[in-house]
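Contents: one structure, followed by commentary.
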Amino acid sequence: MIFVRLFGWLFGIGAFMALIAAGVAAIYLSSMNEGLPDYTQLKRYEPPVMTRLHASDGQLVGEYAREKRLFLPIQLIPENVKQAFLSAEDKTFYEHPGLDIYGIGSAVLRNAENALSGSGSLVGASTITQQVAKNFLLTNERSLERKAKEALLAIRIEQTFTKDQILELYLNEIYLGLGAYGVAAASLTYFDKPLAELSLEQVAYLAALPKAPNNYHPYRYTDAALERRNWVIDQMVANGYATPAEAEEAKAKDLGVVTRDRSASVFAADYFVEEVRRNLIDLYGEKGLYEGGLSVRTTLDPKVQVMARSALHAGMLKYDQARGWRGPVATIDVSGDWGPALAEVPALSDVPEWRLAVVLSASPDAAVIGLQPRKTVTGRVADERERGVLPYAEMEWAKWASGAAGARPVGGADDVVSPGDVVFVEKVGEAAGGEGRFRLRQVPQISGALVAMDPTTGRVKALVGGFSYSQSEFNRATQAMRQPGSSFKPFIYAAALDNGYTPASVVLDAPIEVDQGPGLGMWRPQNYGGGFAGPSTLRTGIERSRNLMTVRLAQDMGMPLVAEYAKRFGIYDNMAPVLAMSLGAGETTVLRLTNAYSIIANGGRRVEPTLIDRVQDRFGRTIYKHDQRLCEGCNAAEWRGQDEPTLIDEREQVLDPMTAYQITSMMEGVVQRGTATVVKSLGRPVAGKTGTTNDEKDAWFVGFTPDLTVGVFLGFDQPKPMGRGSTGGQMAAPVFTNFMQVALAGEPPVEFRVPEGMSLIPIDKVTGMRSSGGPGTIIEAFKPGTGPADFYSVIGYDGIGFEGAVTVNPDADRAAVSGTGGLY
């Protein structure tokens, strides 16, 4: 009886304590509920997604992200990927209500055993739903309160979302190492292939990573990574997702990780891609670029880009090598293992055809070199030491070598390099002994830019902003403000042709003095070479780049009109209306000037340069499109013999189409008879103009065919004389020619279209009057209602007589300006 009373008493106390515990638990859980984050926000979840840039042919050229992530809907994630992660992380995912009660109990017992034995670490039993709650809504704090919130959130998430929605969130958010978030980005990062192409062992390795990506690094902890991957494969077999035979075959393979090589996809395009990045930030801000998941189709033509880079490099190297050898990049000790020291010397990552090498020994005939060792993914210098031969024949361009005592002649290889010298080399073949045969190289001090664009759409096909982006990120095509010199003259002449002058109008080419105002003195511009030719036609003025004629023409029209045309073409924003500016004394960029020439090539219709064709958001919606022309009939469902669609071009007509043809024809003469005859070797219709500034500080050539406009600039970053004869015709025009030879290879020549209504009349190229044929006759284009003059008149003639010989330099391509420091 006493025992029964005692039992009842104890039972009552126990029940009372249980009620108290339940009450406390209820109060605690209620307080937890009140402080839970809003889990419904997961329905609006838009993770930070990587922005990807593609060339015009679809090739990947750039990626931008703070977290490398590509979002994939659950329907597009392959089944074997889902199975691998479920096997590794939560095999009962599709059965439990958010919490795995059996797993929690097992973890509690195991942790108790580990605590009693003093060995082992704490283990968890978080389901995928709990991981979603933690990753999206909670912190990584290790506390009982956080675990309680995680459990409550998991239950609520399961009540609100489907299992597939939860799994989609997890697989796109989980961090998998090497900066990759989500399975899609990890597939590209580790295997350089999309998820759909992954094999069993590859998906198993990805599924092995969520617990501790750094502990299973493919290169640093390969054995641990293999062990964890094989465990996942075994779990997949246990869950019926793979057969034992498939598992054994998969476990016998290496990890198969391929560090993603993007060098081939972005080769030669660094300046282009960086300019696109800046444009995207202007359009969408940094958050939009790095988190918006934009898909950007650029205008880049990878093949044309490589051609542009090659042509510009050749021009810069030709100039630089003609001025001799400046010495090694660095000097290191070669008495021992030279590999580690050489590996630390910075190379040019975007000039892969060049390698750094150290001279091991040198004789008059050749130098023996050791090549810079490769570094492994872990940063360790490779053990192998590769050697090669640098014959004197491959360094003869170093006509002299500079040193403390000044320039000295070069007689042999050992006069150029010495043991310990670190130099750039380029492989050109194999030596007799089987080693590589190399040519000596040096990074040019001169720089430059090249822009190639479609003159009808403004699409920039290629843009090179310097010799090496890894050496200097400054973009000479878009950021460098340089004076165009005589390459600005076509817009002076276009303004004249648009306002009553003809190509046969005659202007005086003779000395001129301009009073610049109080305290500024007289300005006396000159032709290159100091001579003058007397009365000459506008065509001759362009072809021979006559500066005195250009000043008189600008003076006759008035500089406010010239300034208006300069702004209309986008060359300058607000040009000072002073005569010196007529000779290209203002500053502009290669891209802006090239685009101005494209307007002429496009029949005078406005062209807006662009490096971006189209931008789509993360959902595939087009949010930007460069080409705004309307197309009637382009959306027809099928072809039924109807008329071809018509493009409606509403862009501004900047220049009269007939004027555009006249100035184009005159610039064809620059190539055929003027300052850029080197371009004539292309054997096709080309129009263009050279330009050189004061003391040969800038060399230009901008030219076009009906389908391609190209601008070339060469000069030092800090403007200084490049040397006598370093003109646009001698330096920039050959670069243009070399580029066009390969860029237009296989394309049939296309004539410039003559606008309907123009008259083609033979004239005397000296007097500008109608000709009956014979030497000195040229066919000139005239607008309706105009034609050759009926009587001889000279613009700017004030009765000055011309006695004695007149000297003219037929190769002149610049406007020499003196007195005020203006350029030419």
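The values are calculated or read from the model by the stated rules, or taken from the named source; none is laboratory data. No experiment lies behind these values; they were computed from the predicted model shown. No Cβ is skipped: glycine too gets one built from the backbone with ideal geometry, and neighbour counts run over all protein chains shown. With ligands, DNA and RNA removed, areas are computed over all heavy atoms of the protein, side chains included. Shrake-Rupley method; radii C 1.70, N 1.55, O 1.52, S 1.80 Å.
Using a ≥ b ≥ c from the Cα gyration tensor of the stretch 216-343 (square roots of the eigenvalues), is it rounded, prolate or oblate, where a/c under 1.5 gives rounded and otherwise the larger of a/b and b/c decides, a/b for prolate? Judged from the Cα gyration tensor, the stretch 216-343 comes out oblate (a/c at least 1.5, b/c at or above a/b). Of the whole protein surface, H626 contributes about 40 Å² of accessible area at a 1.4 Å probe radius.
Given axes a ≥ b ≥ c from the Cα gyration tensor, I'd like to know whether the stretch 494-623 is rounded (a/c under 1.5), prolate (a/b larger than b/c) or oblate. Judged from the Cα gyration tensor, the stretch 494-623 comes out prolate (a/c at least 1.5, a/b above b/c).
Taking a sphere under 10 Å around the Cβ of E386 and counting the other residues whose Cβ falls inside, with K and R at +1 and D and E at -1, yields a net charge of +2.
Largest to smallest in accessible area, the residues D333, D643 fall in the order D643, D333 (1.4 Å probe, all protein chains included).
Where a ≥ b ≥ c are the square roots of the eigenvalues of the C-alpha gyration tensor, would you call the stretch 613-770 rounded, which needs a/c under 1.5, or, failing that, prolate if a/b is larger than b/c, or oblate? Verdict is oblate for the stretch 613-770.
For the stretch 473-489, the Karplus equation 6.51 cos²θ - 1.76 cosθ + 1.60, evaluated at θ = phi - 60°, returns couplings of 7, 5, 9, 6, 7, 10, 10, 7, 8, 10, 8, x, x, 5, 5, 8, 4 Hz by residue, with Gly and Pro reported as x. Ignoring lysines fewer than eight residues from K134 along the same chain, the ones with Cα atoms less than 23 angstrom from its Cα are K43, K68, K82, K91, K147, K149, K163, K211.
Of all lysines in the structure, the ones whose alpha carbon falls short of 18 Å from that of K625, not counting any fewer than 8 places away in one chain, are K461. Ligands, DNA and RNA aside, L289 has an accessible area near 0 Å² when probed at 1.4 Å. In the context of the full protein assembly, D656 retains an accessible surface of approximately 60 Å², using a probe radius of 1.4 Å and ignoring ligands and nucleic acids. For the stretch 490-591, applying the loop criterion from DSSP together with a ceiling of 14 other beta carbons within 10 Å to the chymotrypsin sites (Phe, Trp or Tyr not before Pro) yields no site. Counting other Cβ atoms within 10 Å, keep those with at most 14, restrict to DSSP loop, and tell me which trypsin sites (Lys or Arg not before Pro) in the stretch 639-725 are left. Sparse-neighbourhood loop trypsin sites (Lys or Arg not before Pro): R640, R651, R724.
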